[in-house]
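**Q** Dumping the structure here so I can ask a few things about it.
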Amino acid sequence: MIPDKKILGAIRRHPDSVEHDKIRKLWMEHSIAEDGRDIPGLMATLTDDCVYEMPQKGLSWVGHEGATRFYNELLTAFPDVHFDLQHIVIGPQGVFEEAHVTGTHLKEWHGFPPTGQPVEFDVLILFPWDAKKEKFSGERVFYYGLENST
């Protein structure tokens, strides 16, 4: 199988230390804003046309309005949510992270009924980088272990 032009372009991108530092800095700003429940701070790290996706559920949210809705749903379902970073890869295509998530499940979240109990699960998140806009173009969130936690 031959990758399409978009993928070939991403594969052929060469790391640049200045761009790497920008990506790393913006990811840190994003993470700090998320920990602080700072929705405007999160939106400042995203392109206006960002897309948030949960492919396992077939769900997506578009633009800052959609991303705000995504975060409000997450923070309402798990108000004390905490992401414990396990692995991170930063490159010219963006950021890929694995995190262990803990929190108390207080509201329904995408088909998972609230338990009122502590839960823990793991996520893999891709933050695609938009080199022209120098922001993230959203997130692709893959979770596992939540089914066993609820």
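**Q** Under a 10 Å cutoff between Cα atoms, tell me which one of 82, 110, 30 has the largest fluctuation in the Gaussian network model of the chain.
**A** Maximum among the listed residues: 110.
**Q** While we're looking at this one, here's another question. Take the alpha carbon atoms of the range 23-91, find their radius of gyration, then divide it by 2.2 N^0.38 Å using N residues; give the quotient.
**A** Here the answer is 1.12, to two decimals.
**Q** Which of 76, 104, 45 comes first, and how do the rest follow, when ranked by fewest Cβ neighbours within 10 Å?
**A** Fewest to most other Cβ atoms nearby, the residues stand as 76, 104, 45.
**Q** While we're on this one: Using θ = phi - 60° and the Karplus relation 6.51 cos²θ - 1.76 cosθ + 1.60, list the HN-Hα couplings for the range 86-102 in order, rounded to whole Hz, with x at every Gly or Pro.
**A** Couplings: 9, 8, 8, 10, 10, x, x, 8, x, 10, 10, 9, 10, 9, 9, 10, 10 Hz.
**Q** What is the gain in length, in nm to one decimal, between residue 72 and residue 18 on full extension, counting 0.36 nm per residue of separation less the C-alpha to C-alpha distance?
**A** My answer for the length gained is 16.1 nm.
**Q** Could you state the angle between the C-alpha long axis of helix 63-77 and the longest principal axis of the C-alpha atoms of the chain, as a value from 0 to 90 degrees rounded to the nearest 10?
**A** Tilt relative to the chain: about 30 degrees.
**Q** Okay, next question. Using a simple spin-label model with points 7 Å from Cα along the Cα→Cβ vector, what separation in nm is obtained for residue 39 and residue 88?
**A** A separation of 2.5 nm, rounded to one decimal place.
**Q** How big is the Cα convex hull of the range 34-150 in projection, averaged over all directions, in nm²? Don't jump to the answer; show the numbers that get you there.
**A** Numbers: hull surface 26.8 nm².
Reported value for the Cα convex hull: 6.7 nm².
**Q** Fewest to most neighbouring Cβ within 10 Å: what's the order for 78, 83, 142?
**A** Working: 78 20, 83 17, 142 14.
Fewest-to-most Cβ neighbours within 10 Å comes out as 142, 83, 78.
**Q** Given springs between every Cα pair under 10 Å in a Gaussian network model of the chain, which of 59, 46, 75 has the largest fluctuation?
**A** Greatest mean-square fluctuation among the candidates belongs to 59.
**Q** What is the range 52-136's relative contact order, in percent, from Cα pairs under 8 angstrom and six or more apart in sequence? Show your work: numbers first, answer last.
**A** On the way: 138 pairs, mean separation 19.4, N = 85.
So the answer I get is 23 percent.
**Q** Which of 93, 109, 23 sits farthest toward the positive end of the charge dipole of the chain, with +1 on the Cβ of Lys and Arg and -1 on the Cβ of Asp and Glu?
**A** So the residue furthest toward the plus end is 93.
**Q** By how many degrees, between 0 and 90 and to the nearest 10, does the Cα long axis of helix 17-35 differ from the longest principal axis of the chain?
**A** 10
**Q** Determine the alpha carbon to alpha carbon distance for each of 25/132; 107/132; 57/132; 25/133 and list only those over 26 Å.
**A** 107/132; 57/132
**Q** Shifting gears a bit: Whole-Hz Karplus ³J(HN,Hα) for the range 130-140, in order, using 6.51 cos²θ - 1.76 cosθ + 1.60 and θ = phi - 60°, x for Gly and Pro?
**A** Values per residue, Gly and Pro as x: 9, 5, 6, 8, 6, 8, 7, 8, x, 8, 10 Hz.
Taken together, the values in this text are just the output of simple stated rules run on the coordinates, not laboratory data. Just so it is clear, the structure is predicted and the values come from calculations on it, not from any experiment. Here Cβ is always computed from backbone atoms with ideal geometry, including for glycine, and neighbour counts include all displayed protein chains.
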